[in-house]
1. Restricting to DSSP loop positions (anything but H, G, I, E, B) with no more than 12 other Cβ atoms inside 10 Å of their own Cβ, which chymotrypsin sites (Phe, Trp or Tyr not before Pro) remain in segment 28-107?
2. Taking a probe of 1.4 Å, how large is the accessible area per residue of the chain, in Å²?
3. Please identify every one of the trypsin sites (Lys or Arg not before Pro) in segment 28-137 that sits in a loop by DSSP and has no more than 15 other beta carbons within 10 Å of its own beta carbon.
4. Going by amide H atoms built from the backbone, whose H comes under 5 Å of the H on A39, apart from near neighbours?
5. Enumerate the calculated ³J(HN,Hα) couplings along segment 136-146 in order (Karplus 6.51 cos²θ - 1.76 cosθ + 1.60, θ = phi - 60°), each rounded to whole Hz, writing x wherever the residue is Gly or Pro.
6. If I fit a long axis through the Cα atoms of helix 28-38 and take the longest principal axis of the Cα atoms of the chain, what angle between them do I get, 0 to 90°, rounded to 10?
7. Go through [x] 39; [y] 31; [z] 45 and flag the label whose value is the computed percent of Cα pairs over 26 Å apart for this structure.
8. GNM, the chain, Cα, under 10 Å: largest mean-square fluctuation among L89, L155, L106?
Amino acid sequence: MKDFEELLECRASMATVNKIVSMVSGDGEAIGRLCTIAAGGLEHKSGHAAWALTHLSKEDKTLYITPYRDLLTDNIVNGQATMRPGLMLNILIDIYDDDNPRTDLLDFCLEGLADRKYKDGCRSLMIKLAARMCRPWPELKAELHGRLDLLPPELPPSIASAKRNAMKCKESKKQ
């Protein structure tokens, strides 16, 4: 059987991603290597690694990706996730921790949610992550909603949906 790193060199398909996930599932060291590859290296290889990370089980993500949260966050905040920043955001959403927020990540999301250089899906993930990060703090929620109010009325469906969900957060009493 090939090592999962060899599979990252190949053209990625869903079958390849599933094969990588089955190879690394439950193996903290292998998942750590996958995180390190996702955070740097060749664009196609890091993109494939990030894609595989998004398909791990919730338990694997919580146990094994969380220690690499800062590495992955630095990657996206510093603009190193050039190929598929949406994949990194997706990973960070799954492992986000209310007890240890990263303000630079929040700033990145707040600035990027209106930036057309990012794809619509990526911008909607920025809104979702920013809403999750702002949830415990009313003043940050107000800032997020102010940024969302500045978005044009005609939005692509993914961004409009993320905006609606983030705005519901303002109305709910639960924090």
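1. When the chymotrypsin sites (Phe, Trp or Tyr not before Pro) of segment 28-107 are filtered for loop state and at most 12 Cβ neighbours within 10 Å, nothing remains.
2. Details: 9280 Å² over 175 residues.
I get 53 Å² per residue for the chain.
3. Working: sites: R33, K45, K58, K61, R69, R102, R116, K117, K119, R123, K128, R132; in loops: R102, R116, K117, K119.
Qualifying residues, ordered by number: R116, K117, K119.
4. Those qualifying (amide H under 5 Å, at least 5 residues apart or on another chain) number zero.
5. x, 10, x, 5, 6, 4, 4, 5, 4, 5, x
6. The answer is roughly 70 degrees.
7. Step by step, percent of Cα pairs over 26 Å apart for this structure corresponds to label [y].
8. Highest fluctuation among the options: L155.
The values are calculated or read from the model by the stated rules, or taken from the named source; none is laboratory data. On a predicted model such as this, the values are computed, not experimentally measured, just so you know. Here Cβ is always computed from backbone atoms with ideal geometry, including for glycine, and neighbour counts include all displayed protein chains. What goes into the accessible areas is simple: the full protein's heavy atoms, side chains included, and nothing from ligands, DNA or RNA. Shrake-Rupley method; radii C 1.70, N 1.55, O 1.52, S 1.80 Å.
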